[in-house]
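Undergrad: Let me give you the structure first, and then I'll get to my questions.
The values are calculated or read from the model by the stated rules, or taken from the named source; none is laboratory data. What you are looking at is a predicted structure, and each value in this text was computed from that prediction instead of being measured. Note that each Cβ is placed from the backbone with ideal geometry, even for glycine, and that neighbours are counted across all protein chains shown.
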Amino acid sequence: MVVRQPAQPNIKYSGSVRIWGGVLLCALVACVLSAAPVAAAKDRGAKPRFEVHERALRLSLKVKASHGYEGWVTTEGHRRVTLTLQKGNTLVEARTSGRVTRRGIEAKFGELGGISVRFRGRPFGPGFRDGERRCRGRRSALEEGAFSGTIRFRGENGFTRIDARRATGYVERHYRRVCLRDSRGDSLRAAVESLFGAIRLTILHASGRVNHANVVLEASAIDFSPIFGPGSGFEYNVSAHSVERREGVRLTRSVSAEEADGAFLFRHKKGETPRSATIAPPRPFTGTAKYLKEPGLPASWVGPLAAHLPGAGLVALTGSGFRADICRLNFATLLKGDGCLPKPGQAQLRLLSGLSDRGPTPQP
């Protein structure tokens, strides 16, 4: 099966306990996420014996991009086509509708470019297994080969460029199958909650609209002291992204600063949500911002904080149209799907895991 290979967490701690605890937590989050839908059904009282795996078609190919960016084109179903560009902690994603078959891809990214390629390949090795054991129905199929045609992209303000006529990649086909439910995901989930459930998160979320784009800032502080002791300290992360639609294309730009010690400052008091905080992240961010919540009044969010987003230049992360809030919760609450900020399950787990899509890799 073609899977997305997550990047290894780049975590540096002063103590060996935090090193292994943080790395293990990051590695297990992805496994817990994959088991979440089944676990949710169990929480509602249902105990299904079988799982239904629906039909799916996915194509993926890697392309060369300029200025240090790596590029991937991936598809979902017969219409969704996504071009992802990444360089370090900077990511741009262009998503559009096109025509996708097992033989190729046809799609337009508006004025930014397009893709028109045909696929020629062969079955991926005799040792390929799709991981679906104890199932009834046609097994999944994976082909590796080459895409030929044209792939063009021109990033705004010249941040990157793609002009390719050939790329290697994969075609992945899944068929409807009924499989005996694997309870190992529930066991893993329970183990993760037991080991790391007490870890506390403080998260600041600010959102607004800038130049026809929805802009979001997320800052997190992960407190490891409940399981590793008072000396283990915090792990900080600050990220910003914008989302806009143009000519039928959904364009997302993201940057983040990891290991940003001191970038998210607030008064730490057990059992209480902070009423004030200061965000002062390193590059690619500039400036600072302050959050203040007085009783009975809306929270204020002020300062010259901004971020350099690829293709968009310096984008403000504060202003009259922005709204900010802070919440605190523990990892066990997060695993149950609860939260206190918009789309908690997505944003907060992303901050925890530090995972990013670095392109599809075949898994024999």
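Undergrad: Here are some conditions: (1) within 18 Å of the chain's Cα centre (by Cα); (2) at pLDDT below 95; (3) among the aliphatic types (A, V, I, L, M). A260 meets all but one. Which one does it not meet?
TA: Against the list (1) within 18 Å of the chain's Cα centre (by Cα); (2) at pLDDT below 95; (3) among the aliphatic types (A, V, I, L, M), A260 comes up short only on (1).
The rows are residues; the columns are (1) among the basic types (K, R); (2) assigned by TED's automatic domain parsing to the domain that holds D325; (3) closer than 17 Å to A307 by Cα; (4) assigned to a loop (DSSP other than H, G, I, E, B).
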{"site": "S239", "(1), (2), (3), (4)": "no, yes, yes, no"}
{"site": "R245", "(1), (2), (3), (4)": "yes, yes, no, no"}
{"site": "R250", "(1), (2), (3), (4)": "yes, yes, no, no"}
{"site": "A257", "(1), (2), (3), (4)": "no, yes, yes, no"}
{"site": "K269", "(1), (2), (3), (4)": "yes, yes, no, yes"}
{"site": "T273", "(1), (2), (3), (4)": "no, yes, no, yes"}
{"site": "P281", "(1), (2), (3), (4)": "no, yes, yes, yes"}
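Undergrad: Sticking with this structure for a sec: Mind checking which residues of the stretch 137-185 are hydrophobic (A, V, I, L, M, F, W, C) and crowded, with 19+ Cβ neighbours inside 10 Å?
TA: Of everything in the stretch 137-185, those that are hydrophobic (A, V, I, L, M, F, W, C) and crowded, with 19+ Cβ neighbours inside 10 Å turn out to be L142, F147, I151, F153, F159, I162, A164, A167, V171.
Undergrad: Another question about this same structure. Looking at this structure, is N157 out of contact with any Leu (no Cβ under 8 Å at 6 or more places or on another chain), outside any strand (DSSP E or B), within 30 Å of F322 (Cα to Cα) and touching a residue at least 24 places away in the same chain (Cβ under 8 Å)?
TA: Spelling it out, N157 is indeed out of contact with any Leu (no Cβ under 8 Å at 6 or more places or on another chain), outside any strand (DSSP E or B), within 30 Å of F322 (Cα to Cα) and touching a residue at least 24 places away in the same chain (Cβ under 8 Å).
Undergrad: Ok, one more. How many residues does the stretch 286-324 hold that are of a type in the set (S, T, Y) and farther than 30 Å from A94 by Cα?
TA: Here the count works out to 2.
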